[in-house]
Amino acid sequence: MSPALHADVWAAPLIVGTVLAVGAYLVAVLDAAATRVVAGTGLAPDVLIEPLRRAALLVVQQRVVTERPDAASWALAPAAYAGLAAAGLAVVPWSPSFSVADVDAGIVVWGTVESLAVVAVFLHGWSPNSHQPLMAAYRYVAVGLSCLLVSMFVLIAVALPAESLALNAIVDAQAGLWNVVRHPLGLPLFAVVALGITFWGPMDLADGADLSGGTSAEASGSQRLAWQGARAAMLVSFAALGSAAFLGGWHGPVLPGPVWMAAKTAALLALLVAAGHLVARVRAERFVTWCWTVLLPLAFLDLVVAGLGALP
Amino acid sequence: MAVSALHRLAAAAPVPVFVARGAGAGLLGGELAADRRLRLVASPRQATVVLAAGHFGGGLGPALDRVHDQLPHPRALVWWRAAGGPEPGDDRPGALDHPAAVVHGPGGDVAPVLVDTHRRLLGGDQATAPDAGADEPPHPFEGRGDHGQGGEGMMGGVPFGRPMAMTGDDRDGLALGQVSADLGPFLVGLPAATVARVTFQGEVVQALELRPQAVPEAPVLDPVLARFDEARHRPVPVAELERARARHHLRAVAECFRLAGLWALAARAASLARGAGTGVAGVDPAAVAALGRRLRASALLASWSGVGTFPGRSPFTGGANARAAGLAADARRGDPAYRALGFAMVVQHGGDARARLVQRLAEARHALELASRAADVGAVHHPDHPLETPWGPAPDGGSVALEVVAAALAGADWSDALATLCSLDLVPDAAVAPAGAAP
């Protein structure tokens, strides 16, 4: 492996913050565009500015405080969720010589990010002291926990060919063949996990309309903006990880490595966002059953396929 | 000025609107989902404008006030009312006394009014609406009881109106805490003017009571309701009746899409509903068929399969809900005008939420085709012939006791219960004032 270039302690938050902010904006633009295309209301250039308008509205809107909330947890939840997204993004390599934090066990960091993300979402539902957010929080925990094991199997499967838990080595090992081809079950399973942990689209069991907006049913103004931003940031981090772990990361002809990473991340984001408008929300109980009886065995099969492929 | 630039930017945002459905409004408000200048939101906390559609007498008035007061500032209320309805303040003071704007009649174009209200709010030309209700706890408890806990003994208090969550057996053989809550009457999916009193164990509905709010008779805002009401008393062209039927079913499908998180498809369905309501050009049945293909691709049908199936014989004796359960009952078969048009009934099997959704979309498409044929020959429905409304045979066929529905939903997940109610699209009149219903 080539010597890695690390961002220094000051540049790291700036780089990660910028990528997440730009990525979150991209998510909002893609979401606005997908809404209009699917709704048939016509795509127009103002989808580029619509996210800024909506964000501005949330900035000037009152942040309503409910009766006896757990105020500290309520404020902390979006920060924790965004912080986890940042931690996850930091370990994703953008070129052979650059990742913000080139840790030896990037996959393990991601395991931690996903587990703690469940806690952050639960806090967001718990803290307003309101029925529907609390119910959504519990429902999300059931779904989130079910996703975690699938995620672990799928991520270990990408580590096997590289014989390393470092994401840099995992991308390196895809020079000849991307993991999406090497073990094709991986990316679809990872996409389900990504949608599940970020409660996006068909997996929006935390903030669904059936519970009046779920954990964010009571969130308004800056609270809502922070939560929406954190959620989009987490989707960006997942897309970046998916590009590195399954789509060959920086590998690609002609263009520089980071450009390939950005393009693959954007493509994966577009796919995940579009799914939100084309596929209905799953039923929590059915998903949990399906997760343990179908997805988990499939993830195990993915691991076996990867393991056999990694044999000398 | 940074602040004013921010406000200008905010003023140009799609307007987040919370629709409060009052008496006589039917599903009219849902059609606004088709307008890309607006965003219909699931929680009042997300809105700048609450659209009060219809009339809010009786129990709906205080409910509207509560929703109104939950909107963050700056906020405003727009009242979309039928011409000739009761004036605000007739029975009690409330949020309707000081609307930012009033739109009269279903023909009034409410979307520009909502956009304008939002812009004036953000531009400072419209003052934010003050609370309509008093800022005091609805269930005072402090200082009551031996220890100020609100009641007798350890468990007797009801602080903040919430009794201690006692444990009870659940369907999995566990003893979990039970929590009671009133949801509605403006929740997406619930029947009009109905509050759901739910006892939850986790997300499982331990017990459900659907409590229709007592609402005095109000003038009708929704042109669909008005058209079918008119057809009971005077001759109405079949083409108009069928377009109204298609419009209603498409709106009901849009509500189901919203509930399932398919906001963009809800906008598409709402747009078709609005097209069906325009009359002259109408809407191409092929567009409804295309929506059906999107529906199948969305996996919503698979997701709702087996949800809300009523055990044994369907409690519905007529209407789309009965036909979704395989019951071949449709009053249009007894109408000579329809027979001359070669009317053929559409029926599904299964009687679950999936079948009802498919049935509604199929009936919408069928109604548009019928409307086209009826317009060609000038077919007219006469009031002395049987009339099939979107809910069943007039005057009150297709209705079902809410207790029967509520009892069938005990033990279901809340999201399944709501999907069931949304797919049932219960008869508005029965939902508003069923015989012998508790106030």
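The values are calculated or read from the model by the stated rules, or taken from the named source; none is laboratory data. Predicted model only: the values in this text are computed from it and were never measured. All Cβ positions, glycine included, derive from the backbone under ideal geometry; neighbour counts span all protein chains shown.
General remarks:
- Residue match in region B:142-160 (condition: over 30 Å from residue A:57 (Cβ atoms), β-branched (Val, Ile, Thr) and either at pLDDT below 80 or part of a helix (DSSP H, G or I) (or both)): yes
- The set of residues in region B:162-181 that are touching a residue at least 24 places away in the same chain (Cβ under 8 Å) and surrounded by fewer than 15 Cβ atoms within 10 Å (Cβ to Cβ) comprises B:168, B:171, B:177.
- Only one of A:239, A:284, A:232 that is crowded, with 24+ Cβ neighbours inside 10 Å, within 20 Å of residue A:107 (Cα to Cα) and of a type outside the set (Asp, Glu): A:239
- If you go through region B:381-409 and keep only what is more than 22 Å from residue B:248 (Cα to Cα) and either modelled with pLDDT under 90 or not in a loop (DSSP other than H, G, I, E, B) (or both), you end up with B:403, B:404, B:406, B:407, B:408, B:409.
- Taking the conditions (1) surrounded by 18 or more Cβ atoms within 10 Å (Cβ to Cβ); (2) away from chain B (no Cβ under 14 Å); (3) touching a residue at least 40 places away in the same chain (Cβ under 8 Å) in turn, residue A:175 satisfies each one other than (1).
- If you check B:10, B:63 for being at the interface with chain A (Cβ under 10 Å from one of its Cβ atoms), part of a helix (DSSP H, G or I) and over 13 Å from the mean Cα position of the chain (by Cα), only one passes: B:10.
- Test: residue in region B:203-211 that is on the phi > 0 side of the Ramachandran plot and either at pLDDT 90 or above or part of a loop (DSSP other than H, G, I, E, B) (or both): no
- Neighbours by Cβ (under 6 Å, 6+ apart or cross-chain): first from region A:34-50, facing chain B (nearest Cβ under 8 Å) and in a loop (DSSP other than H, G, I, E, B); second of a type outside the set (Val, Ile, Thr) and buried (at least 17 other Cβ atoms within 10 Å of the Cβ): A:40/B:268; A:41/B:36
- When the residues of region A:204-215 are filtered to those that are assigned to a helix (DSSP H, G or I) and within 7 Å of chain B (Cβ to nearest Cβ), the one that is surrounded by the most Cβ atoms within 10 Å (Cβ to Cβ) is A:210.
- All conditions in (1) free of Cβ contacts under 8 Å to residues at least 24 places away in the same chain; (2) surrounded by 24 or more Cβ atoms within 10 Å (Cβ to Cβ) hold for residue B:199, with the sole exception of (2).
- Among the residues of region A:216-250, those identified as in a loop (DSSP other than H, G, I, E, B), within 14 Å of chain B (Cβ to nearest Cβ) and of a type outside the set (A, V, I, L, M) are A:218, A:220.
- In region A:22-33, of all residues being of a type in the set (Gly, Ala, Ser) and in contact (Cβ under 8 Å) with a residue 40 or more places away in the chain, the one that is farthest from the other protein chains (Cβ to nearest Cβ) corresponds to A:23.
- Residue in region B:243-301 that is modelled with the lowest pLDDT, counting only those that are more than 14 Å from every other protein chain (Cβ to nearest Cβ) and over 22 Å from residue B:324 (Cα atoms): B:280
- Selection count where residues are in a loop (DSSP other than H, G, I, E, B) and either in contact with a helix residue (DSSP H, G or I) (Cβ under 9 Å, 6 or more places away or on another chain) or among the hydrophobic types (A, V, I, L, M, F, W, C) (or both), scope region B:220-245: 3
- Test: residue in region B:383-395 that is surrounded by fewer than 23 Cβ atoms within 10 Å (Cβ to Cβ) and small (Gly, Ala, Ser): yes
- Residue within region A:99-113 that is buried (at least 24 other Cβ atoms within 10 Å of the Cβ) and assigned to a strand (DSSP E or B) present: yes
One line per residue, one yes/no per condition, for (1) within 18 Å of residue B:419 (Cβ to Cβ); (2) in a loop (DSSP other than H, G, I, E, B); (3) among the aromatic types (Phe, Trp, Tyr); (4) touching a Phe, Trp or Tyr at 6+ places or on another chain (Cβ under 9 Å):
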residue: B:266; (1), (2), (3), (4): yes, no, no, yes
residue: B:286; (1), (2), (3), (4): no, no, no, no
residue: B:289; (1), (2), (3), (4): no, no, no, no
residue: B:292; (1), (2), (3), (4): no, no, no, no
residue: B:307; (1), (2), (3), (4): yes, yes, no, no
residue: B:315; (1), (2), (3), (4): yes, yes, no, no
residue: B:322; (1), (2), (3), (4): no, no, no, yes
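- For residue A:91, the criteria (1) β-branched (Val, Ile, Thr); (2) surrounded by fewer than 21 Cβ atoms within 10 Å (Cβ to Cβ); (3) away from chain B (no Cβ under 12 Å); (4) closer than 30 Å to residue A:250 by Cβ hold in every case but one, which is (2).
- Residues in region A:187-203 that are within 11 Å of chain B (Cβ to nearest Cβ) and buried (at least 24 other Cβ atoms within 10 Å of the Cβ): A:199, A:200, A:202, A:203.
A quick yes/no check of all residues on (1) under 18 Å from the mean Cα position of the chain (by Cα); (2) of a type outside the set (S, T, N, Q); (3) within 14 Å of chain B (Cβ to nearest Cβ):
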position: A:113; (1), (2), (3): yes, yes, no
position: A:118; (1), (2), (3): yes, yes, no
position: A:129; (1), (2), (3): no, no, yes
position: A:138; (1), (2), (3): no, yes, yes
position: A:149; (1), (2), (3): yes, yes, no
position: A:167; (1), (2), (3): yes, yes, no
position: A:170; (1), (2), (3): no, yes, no
